[in-house]
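Undergrad: Mind looking over this structure? Questions follow.
The values are calculated or read from the model by the stated rules, or taken from the named source; none is laboratory data. The structure presented is a predicted model; accordingly, all values stated were derived computationally and were not measured. FYI the Cβ positions are ideal-geometry reconstructions off the backbone, even for glycines, and counts take in every protein chain you see.
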Ligand code: ADP
């Protein structure tokens, strides 16, 4: 059953039970200690009165009897009894001593007859009320052996039932007040838990904008802060996941589009050939040539996509070796000499020294430099000049690929590194471009912890200026 109770109810029930037990114990302890104090005081008063009275008791039985009867009131609040050595009553303020039973069996009387003062509390056989009895030995008086005085204990202030009731009632009122306070404190304590419950409900609905505002108690405030920073992180992660998802969607759309263009062209020319185009040898050759070019284009796109995918998969587990960057750049320049020659383009390779060693992947870095020089050869007009410089300075190697072609307008300088982005789509296709070359280059440089950018030529001459910086 406890499991199904709400925390607030649970706290209330437990607090209530605990307080009730506490107050009951407190009440009993108070009553007990007040009663015992009261008994002690009454006893002391009674003792002193008994001693005073002993001094003025007449020695004659009859005179003593009427003396004590005169001394006390008829309401019986105070009762005085004189007892002989044999325990029989010699005089009594209330009854006729002759008719009274022998008192030698009474504890306090026994003690007094034995010469000791004593007191006791017990019910009176005459009226059933509780009385305190105090008896002292009377050595000086030959007729009487002991003097006993009694009074009802209920008469004392703490034993009066109305006082007791007032006391109990006040305790109950105090208990209720404390219980109400305790309830409101428990309520305040569990309030943050309810807020947190509400927060988790909101989060499960996907509302991560919900913020917890709890200032106390400190632990709860800290927990609320943790909740808030957790949702902030989740929100950021969701945003970046959405962004990644968008990139993925764009990529798939771009790939499909890029693949579709050559395939459509291949299909178109193949159909034309089937529909009779083959009859003319000249046309057939021309169309088959186009089909071949489109196939090359498809192969280029797929190869570039595979390279991109491989770099992304291998990200972080790059196989590296100590390599000479000068040699690698030279190899890249040499590999493009033939197409450059076709366009009468000169590739000028000028390293600042013979060896510049870095830790890197030779194949991938060669691909980066090849892509840049290849672009220059592709996009520069005939007779242009392409230069590749490699240098080393303050712990980093710099590779610069520069040409004096049309260059890249400032607004596209960042975008050309995006997948499939081309400044001039037509020209790129014409030249067999896939739009992935620079994206691949940036990926490779990034996994080498380097940077790549296009800044335009610093000497203000028209043309492209790519700068790669790699840590040594
Ligand atoms: P592509 O396969 O189209 O060459 P890249 O990613 O290599 O793709 O280059 C992206 C675009 O950047 C190219 O389409 C081209 O418009 C532009 N570009 C790259 N290099 C040069 C350059 N040297 N001169 C002029 N434009 C360039």
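Undergrad: Just to be sure, is residue 227 surrounded by 11 or more Cβ atoms within 10 Å (Cβ to Cβ) and under 28 Å from residue 8 (Cα atoms)?
TA: Yes; evaluated as a whole, the condition is true for this residue.
Undergrad: Is it true that some residue in the range 397-406 is free of Cβ contacts under 8 Å to residues at least 40 places away in the same chain and within 12 Å of the ligand (Cβ to nearest atom)?
TA: Looking through the range 397-406, none of the residues is free of Cβ contacts under 8 Å to residues at least 40 places away in the same chain and within 12 Å of the ligand (Cβ to nearest atom).
Undergrad: When residue 397 is evaluated against the numbered criteria (1) out of contact with any strand residue (DSSP E or B) (no Cβ under 9 Å at 6 or more places or on another chain); (2) crowded, with 20+ Cβ neighbours inside 10 Å; (3) not in a helix (DSSP H, G or I), which criterion, by number, is the only one it fails?
TA: Just one mismatch for residue 397, condition (1).
Undergrad: Restricting attention to the range 460-471, which residues are surrounded by 14 or more Cβ atoms within 10 Å (Cβ to Cβ) and outside any strand (DSSP E or B)?
TA: 463, 464
Undergrad: For residues in the range 137-158 being over 15 Å from residue 49 (Cβ atoms) and out of contact with any strand residue (DSSP E or B) (no Cβ under 8 Å at 6 or more places or on another chain), which is modelled with the lowest pLDDT?
TA: 157
Undergrad: If you don't mind, another one. Look at residue 86 and say whether it is over 60 Å from the mean Cα position of the chain (by Cα) and either more than 30 Å from residue 106 (Cα to Cα) or part of a helix (DSSP H, G or I) (or both).
TA: no
Undergrad: Looking only at the range 414-459, filter to residues that are touching a strand residue (DSSP E or B) at 6+ places or on another chain (Cβ under 9 Å), in a loop (DSSP other than H, G, I, E, B) and closer than 15 Å to residue 376 by Cα; which one of those is farthest from the ligand (Cβ to nearest atom)?
TA: 455
Undergrad: For the range 432-453, indicate whether the set of residues that are over 52 Å from the mean Cα position of the chain (by Cα), modelled with pLDDT under 95 and surrounded by 18 or more Cβ atoms within 10 Å (Cβ to Cβ) is non-empty.
TA: The answer is yes, given that some residue of the range 432-453 is over 52 Å from the mean Cα position of the chain (by Cα), modelled with pLDDT under 95 and surrounded by 18 or more Cβ atoms within 10 Å (Cβ to Cβ).
Table: residues versus (1) away from the ligand (no atom under 16 Å from the Cβ); (2) over 60 Å from the mean Cα position of the chain (by Cα); (3) not assigned by TED's automatic domain parsing to the domain that holds residue 252.
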| site | (1), (2), (3) |
| --- | --- |
| 279 | yes, yes, no |
| 288 | yes, yes, no |
| 291 | yes, yes, no |
| 337 | yes, yes, yes |
| 351 | yes, no, yes |
| 364 | no, no, yes |
| 372 | no, no, yes |
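Undergrad: Cβ-Cβ distance below 6 Å, separation of 6 or more or different chains: which pairs start in the range 238-260 with a residue that is in the same structural domain as residue 439 (by TED's automatic domain parsing) and end on one that is surrounded by 12 or more Cβ atoms within 10 Å (Cβ to Cβ)?
TA: As it stands, the answer is none, since no pair meets every condition given.
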